[in-house]
Each structure stands twice: as structure tokens, then as C-alpha cells.
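These notes are about the structure you will find just below.
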Amino acid sequence: MDPLGYAVRTALSRQITDNERRLFTQFLEDQSARHAAAQSSTQEQQQALETNASVEQLALADLCHMLLSANEFSYID
């Protein structure tokens, strides 16, 4: 499954562009790092694995919020 393509298709009713894929991939990496840093503390190995999945989901949720607040979502051309 392609979460980026699915998010853009669902929110904006069109295919994701190559430039958007590059930018959104970088956004997800940056947001995941921010969420991981915010959650970092002394965690055991199992908790660290759960945290990795959690920060990726949080980053994807941030991307979805961003798409839903985009002008393209709000206005019809």
C-alpha cells in the first residue's frame, strides 16, 4: 500500500506528483524524527520498536492534517 498516494488521492481526488512524493517523504522523515525526539527517554527494546511504529503513524497523521488544511482541499478550481 502507498500511504502517500492514498492520502493525496483521498484528500485531493488526484494522483500524487513526483515532486509532492519527494516533499512529503521528507516531511514524514522530519516529523518522525521530531516525534521520536519528543518521546525519547529510557525505553526498553520492545518499547523502542512500538515507538518507531507510533512515530510513523503520528507523522502520517500530521501529513493528513496538512492535506486537509490545504487550499486545494477547501476550494474548487
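Restricting to region 4-29, name every residue that is open to solvent by less than 60 Å² (accessible area, probe 1.4 Å) and part of a helix (DSSP H, G or I).
Leu4, Gly5, Ala7, Val8, Ala11, Leu12, Glu20, Phe24, Thr25, Phe27, Leu28
Is there any pair linking a residue in region 13-41 that is without any contact (Cβ under 8 Å) to a residue 40 or more places away in the chain to one that is part of a helix (DSSP H, G or I) and open to solvent by 60 Å² or more (accessible area, probe 1.4 Å), with Cβ under 6 Å and at least six apart or on different chains, and which?
Pairs that qualify, where the first residue is without any contact (Cβ under 8 Å) to a residue 40 or more places away in the chain and the partner is part of a helix (DSSP H, G or I) and open to solvent by 60 Å² or more (accessible area, probe 1.4 Å), are Ser32/Glu56; His35/Leu58.
Out of curiosity, is Ser41 surrounded by 12 or more Cβ atoms within 10 Å (Cβ to Cβ) and either at pLDDT below 90 or part of a helix (DSSP H, G or I) (or both)? Spell out how you get there, then give the answer.
Details: surrounded by 12 or more Cβ atoms within 10 Å (Cβ to Cβ): no; either at pLDDT below 90 or part of a helix (DSSP H, G or I) (or both): yes.
No; evaluated as a whole, the condition is false for this residue.
Filter region 48-77 down to residues that are among the polar types (S, T, N, Q) and either at pLDDT 95 or above or under 16 Å from Ala33 (Cα atoms) (or both) and give me whichever is surrounded by the fewest Cβ atoms within 10 Å (Cβ to Cβ). Quick ask: steps written out before the conclusion?
Residues of region 48-77 that are among the polar types (S, T, N, Q), as a first pass: 51-52, 54, 57, 69, 71, 74.
Still in the running and either at pLDDT 95 or above or under 16 Å from Ala33 (Cα atoms) (or both): 51-52, 54, 57, 69.
On the way: Thr51: 16, Asn52: 13, Ser54: 15, Gln57: 13, Ser69: 10.
Residue satisfying both the conditions and the ranking: Ser69.
The values are calculated or read from the model by the stated rules, or taken from the named source; none is laboratory data. This is a predicted model, so every value here is computed, not measured. Note: ideal-geometry Cβ built from the backbone for every residue, glycine included; neighbour counts use all protein chains shown. Protein only, heavy atoms only, side chains kept; ligands, DNA and RNA dropped before computing areas. Shrake-Rupley method; radii C 1.70, N 1.55, O 1.52, S 1.80 Å.
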